[in-house]
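Engineer: The structure is given below, and queries will be raised subsequently.
The values are calculated or read from the model by the stated rules, or taken from the named source; none is laboratory data. Since we're looking at a predicted model, the values are computed, not measured. For neighbour counting, all protein chains shown are included, and Cβ atoms are generated from backbone atoms with ideal geometry for every residue, glycine included. Surface accessibility is based on the protein's heavy atoms, side chains included, excluding ligands, DNA and RNA. Shrake-Rupley method; radii C 1.70, N 1.55, O 1.52, S 1.80 Å.
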Amino acid sequence: KLANNDVLVGSIEKMDRSILTFSTSYDDSDFKIKWGEVLEIRSVQKFIISVTDGERYTSTIQSVSGKNKIVAIDNEGSELEFALNDIVFIEPIGGSFLARLTVDLDLGITVTKANNYRQLTTNLSATYLAYKWRARGLYKTVLTRQDGSADINRMDAELGADYYLPHDWFVNAKAIYLANDEQLLDLRSTYQAGAGYYFIRNNSMFFSANAGLAYSKEIFTSDTPDRTSTEGYVGIGFNKYAIGDLSVQTAAALYPSFSQSGRYRVDFNFDMKYDLPLDFYIRLGLSYNYDNQPVEGAADNDYVFTTAFGWEWN
């Protein structure tokens, strides 16, 4: 039952990041419903259910009669009650691979007559959400061509996973790849592993911090020899959603080097996404990279600001 008193009968596909995906027998398209608009929910099917304190349960979910927006969950024979706002994730047991996968694809194109300026930006990201872990990959490019100026190329890629532990702790591993002309990087490969904690994890935002060890290898476009660095890292992540059709995601990481005295690097990423009808969206993005000891002839920082139009498959 919804806040407008509509009653939907069908199947829960999943609920994640404050959006309930619901299918019915009378409509080929799934309904996307804001979790805050749900008043009551009843199902005999078993789900994987995650709550704000980081605990996960395998249970049916039923609204409690006479209690506003309260649901009952089975915990090994005993019944626990939670407010709907305390439920942050629901997935049916045995849900299909595709039901757990979310893919975003967006594209930005700029063309001007002056100097025959052309720029192409692409952004492909995918997230797979399972019972105890979440995997994410992304690939971004910026390609710029202009008469009378050198070509500009930039590539960001990432592949990683978080494994959830009790009480909002998690461990994670990630591979990060960066290439940009400004810092003369043909490719920087960074591999990191560590642990973190969710300070806030609810239906409107996530805020986490993590730390661990990293190893990077850099190959340069100049004649500079390759270099490697053993590093520590400290990172924070912030994701704010359910702001109407707007969501904001920010991540920052500091990499102090253990093998190169006094060296440190900073990576910062910001994305703001506005959802449009039919799963289309507009995205604004900023990526920034800083190195206090760049190689000779390279800039100590590089950044890119992009705007793009895209589509989400979920």
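Engineer: Say the cut-off is 29 Å between C-alpha atoms; which of K32/K67; K69/K174; K14/K174; K34/K67; K217/K273 go over it?
Structural biologist: Distance filter (> 29 Å) returns K69/K174; K217/K273.
Engineer: Residues in segment 194-213, backbone N under 20 Å from the label point at I243 (7 Å along the Cα-to-beta-carbon vector): list them, ranges by number please.
Structural biologist: 199-209
Engineer: Please list, in chain and number order, the residues 5+ apart from I200 or on another chain whose amide H is under 5 Å from its amide H, with Hs placed from the backbone.
Structural biologist: F207
Engineer: Still on this model: I need the calculated FRET efficiency for the pair Y128 and L107, taking r as the beta carbon distance and R₀ as 25 Å, to the nearest 0.05.
Structural biologist: That gives a FRET efficiency of 0.65.
Engineer: Pull up all non-local amide H partners of F89: gap of 5 or more, or a different chain, and H-to-H distance under 5 Å with H placed in the peptide plane.
Structural biologist: Result for F89 returns S50.
Engineer: Another question about this same structure. How large a share of the accessible area of segment 57-122, in percent, is made up of carbon and sulfur atoms when the probe is 1.4 Å and the other protein chains stay in place?
Structural biologist: 54 percent
Engineer: To the nearest µm²/s, what D does Stokes-Einstein give for segment 269-314 at 25 °C and 0.890 mPa s, using the Kirkwood radius over alpha carbon pairs as Rh?
Structural biologist: Calculated translational D: 193 µm²/s.
Engineer: How many nm separate the modelled label positions at R227 and S11, each set 7 Å beyond the Cα in the direction of the Cβ?
Structural biologist: For R227 paired with S11, the spin-label model returns 5.6 nm.
Engineer: For segment 241-253, in order, what is each residue's ³J(HN,Hα) by Karplus, 6.51 cos²θ - 1.76 cosθ + 1.60 with θ = phi - 60°, in whole Hz (x at glycine and Pro)?
Structural biologist: Ordered by residue, 3J(HN,Hα) equals 9, 6, 9, x, 9, 9, 9, 10, 9, 9, 9, 9, 9 Hz.
Engineer: Per 0.36 nm of contour for each residue apart, how much would the distance between V171 and Q146 grow if the chain were fully extended, relative to their Cα-Cα spacing?
Structural biologist: 4.6 nm
Engineer: On to the next question. Between V64 and F31, with labels modelled 7 Å along Cα→Cβ, what's the label distance in nm to one decimal, could you check?
Structural biologist: In this crude label model, V64 to F31 measures out at 2.5 nm.
Engineer: Same structure again: Please report, in Å, the Rg and the Dmax of the chain, where both are computed over Cα atoms only.
Structural biologist: For the chain, the Cα-based Rg and Dmax read 22.4, 73 Å.
Engineer: Another question, if that's okay. On a 1.4 Å probe surface of the protein chains, which of V44, V51, V171, V7 comes out largest in accessible area, and what is the full order?
Structural biologist: V44, V7, V171, V51
Engineer: Still on this structure: Quick check: pseudo-label points 7 Å beyond the Cα along Cα→Cβ at L98 and E40, how many nm apart are they?
Structural biologist: Each label point lies 7 Å from its Cα, and together they span 3.3 nm.
Engineer: Please list, ordered by chain and number, the residues whose modelled amide H lies under 5 Å from the amide H of T60; skip anything fewer than 5 residues away on the same chain.
Structural biologist: F47, D74
Engineer: Counting heavy atoms of the protein chains only and a 1.4 Å probe, report the per residue accessible area for segment 54-114 as a whole number of Å².
Structural biologist: Here the residues of segment 54-114 average 53 Å² of exposed surface.
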